[in-house]
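Read the structure below first, then the notes.
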Amino acid sequence: MYCLVAHVTCSAAFAAIDARARRRARDHLDAAVTYAGLSGDSDTQFHVWNHLALVAGQRNDFAEVAAAADAARAQRIARTDPLYASLAHMRRASAYAQSRDRSAALRALGSAERSFGRHDRVERPPWIRFYDGAEFDGLSSIVWLHLGRPDRAEYHLHRAIGRLRPDLVRNQAYYTAHLALAQARQGELELAGATGERSADLLTKARGSRRTTDALADVRGILASSGSREPGVRAWVERAEAWS
């Protein structure tokens, strides 16, 4: 029963993470840590540490992200299943990238890729099934964006979006917004606006994703500050002002 309660609490925490309600997410996870500890289950404990890494990232506490990723990687399930190990390495890569430690980020990203390539297609708990090839590319793209390589990010984002299941509308909106951001950072302003429009359309079916609207607000900021007189760019900046 402790396992079930911990996983349900993690689901509530992720909804708060997606809405950027960091205090609410942390409250849920503080409770989940207790339940996971009482369960003694390695998968459950990994699940909680993975979410704690996400909350710490939203607070820009990159040392805590790395610590949470290390705690996840220390779980028995991560020592025996390469898919779990890959996700823990990916969280570390994100922490290092956001703190501008390029060499450490690339080492962690390489470890994530090698571990991901070794995992077998076996039955796993439902919560970690999100971490498939599409999500691996999506998370890799975020690392490259933080490292200042929007071109590499765009490559992974096209792969991620092309491989996502159609029913994962929230993920489609999130990664499409980051594709627009990668394009904007490369100076492809009209293309970024069109891509941002696609993300905004997807958001009408998946409301409440503050992470996605924040990414689109960043796109709008780049386009607005560019001084572009292109009608498509200016029109998108005006439309985006209502929700960004």
Consider R124 carefully, then state whether it is basic (K, R) and modelled with pLDDT under 95. yes
Exactly one of (1) surrounded by fewer than 24 Cβ atoms within 10 Å (Cβ to Cβ); (2) part of a helix (DSSP H, G or I) is unmet by V143. Its number? (1)
Under the condition of being free of Cβ contacts under 8 Å to residues at least 12 places away in the same chain and closer than 18 Å to D41 by Cβ, which residue from the range 67-117 is nearest to the chain's Cα centre (by Cα)? A74
Being at pLDDT 85 or above and exposed (fewer than 15 other Cβ atoms within 10 Å of the Cβ) narrows it down to one residue among A25, A53, A63, A31; which is it? A63
For the range 26-38, does any single residue satisfy the condition of being more than 19 Å from Q75 (Cα to Cα), in the same structural domain as S94 (by TED's automatic domain parsing) and not in a helix (DSSP H, G or I)? no
Residue pairs within 9 Å by beta carbon, gap of at least six or interchain, first lying in the range 191-205 and assigned by TED's automatic domain parsing to the domain that holds H158 and without any contact (Cβ under 8 Å) to a residue 60 or more places away in the chain, second surrounded by fewer than 16 Cβ atoms within 10 Å (Cβ to Cβ) and among the hydrophobic types (A, V, I, L, M, F, W, C), listed first then second, are G193/A235; A200/W243; L203/W243
If the requirement is being closer than 24 Å to L191 by Cα and either in a helix (DSSP H, G or I) or modelled with pLDDT under 95 (or both), which of these qualifies: G117, G162, G110, G148? G162
Does D201 satisfy being among the charged types (D, E, K, R), under 22 Å from the mean Cα position of the chain (by Cα) and over 20 Å from Q58 (Cα atoms)? yes
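The values are calculated or read from the model by the stated rules, or taken from the named source; none is laboratory data. Predicted, not measured: the structure shown is a model, and the values here were computed from it. Methodologically, a virtual Cβ is constructed for each residue, glycine included, from the backbone with ideal geometry; neighbour enumeration extends over all protein chains shown.
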